[in-house]
1. Let me spell out the model: positive unit charges on the Cβ of Lys and Arg, negative unit charges on the Cβ of Asp and Glu, origin at the Cα centre of the chain. What dipole size does that give, in debye rounded to 20?
2. Below 8 Å between Cα atoms, with a sequence gap of 6+, how large is the relative contact order for the chain in percent?
3. Expected output is a single nm value to one decimal: the length gained when fully extending between T240 and E195, i.e. 0.36 nm times separation in residues minus the C-alpha distance. What is it?
4. Between T240, T73, T227, which gets the highest mean-square fluctuation from a Gaussian network model of the chain, Cα cutoff 10 Å?
5. Only Cα pairs under 8 Å and at least 6 apart count here; give the relative contact order of the stretch 104-184 as a rounded whole percent.
6. Which residues' amide hydrogens lie under 5 Å from the amide hydrogen of V113, considering only partners 5 or more residues apart or on another chain, with H built in the peptide plane?
7. What are the GluC sites (Glu not before Pro) within the stretch 30-115 that DSSP puts in a loop, where the Cβ has at most 11 other Cβ atoms within 10 Å?
8. Return the single residue from P104, P146, P185 with maximal mean-square fluctuation; model: Gaussian network over the chain, springs between Cα atoms under 10 Å.
Amino acid sequence: MTAGVCDMRLGRVSVGVLATGLGLAACGGGGVTTSSYRSVREAIVRSDGRTIVAEATWGGCQPRPHLVLRGGTSIIRVALTFPPPLSGNCTTEGRFAPVTATLPSPLQHRRLVQLTTGKAVPTVLEADLPKPRGLPPGYHLSTILPTVMAAGLPSGTLGATQTYQRSPASSPDLVLADVPGEHLPTAVHGWRSREITLGARPARLLVDQQPPPFVQRAVAWTAFGQTLELIARYRPGQPTLPQPALLATARSVRP
């Protein structure tokens, strides 16, 4: 996993929605009161069945948090924990990135619940995510986030964002976001859009009109009972991915 996603600007929704957990239920029963834990909004179970991914937000003198997993026979309690604050001059910039932890054995039938409240954690299985089967040469999956980061896609439903990168970083990142339900986004503030078809399906081409350093071009469409958006995210000096290549990659997305 890479931390570079903290610089993403993809119509970001729900940044920092991490509730403070005060009444903790420890694995062995009994309660403990602490403010060092935060609840997890949602999680992804990677294809190995053991690696759990959550999103963390932090900033200022607060170091990057860790993901905590406490095992049991039927549930796994999960939370974010924060190390002691740093001393000295600290940036005011907010950050977000994936944090991971690995179970000793696959999750299988067990459920993820909040360490802070015991409530179920909405969970996505990586094996169930749609994936581009025809990526341009040299691209590989670099990051999965259990959060929707795409202009116009709703934030209130469970989804995921996958980032594909090419090494060396001379080409734009390709970012695939998906949410359940077919609700093609309409007008998006700060983006120019144009209606097209992707195969036989209605689709929308989107161009980010916000100022650099990032420039983004995207295509949004519906398929497999989901709404998907594939974004090409450019940094200064990177060549433009031709529109036919962007659309060909979108057409290659399969469950």
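The values are calculated or read from the model by the stated rules, or taken from the named source; none is laboratory data. Everything quoted here is computed from the prediction, not taken from an experiment. Cβ atoms come from the backbone with ideal geometry, glycine included; neighbour counts cover every protein chain shown. Surface accessibility is based on the protein's heavy atoms, side chains included, excluding ligands, DNA and RNA. Shrake-Rupley method; radii C 1.70, N 1.55, O 1.52, S 1.80 Å.
1. Values: 25 positive and 13 negative charges, 36 e Å.
For the chain, the charge dipole is close to 180 debye.
2. Details: 606 pairs, mean separation 42.3, N = 255.
Relative contact order, the chain: 17 percent.
3. So the chain would gain 14.1 nm between T240 and E195.
4. T73
5. Working: 100 pairs, mean separation 18.1, N = 81.
Relative CO of the stretch 104-184 lands at 22 percent.
6. Excluding prolines and chain starts, which carry no amide H, the hits are I76, R77, V78, V121.
7. Working: sites: E42, E55, E93; in loops: E42, E93.
Listed in order of number, the matching sites are E93.
8. Looking only at P104, P146, P185, the largest GNM fluctuation is found for P104.
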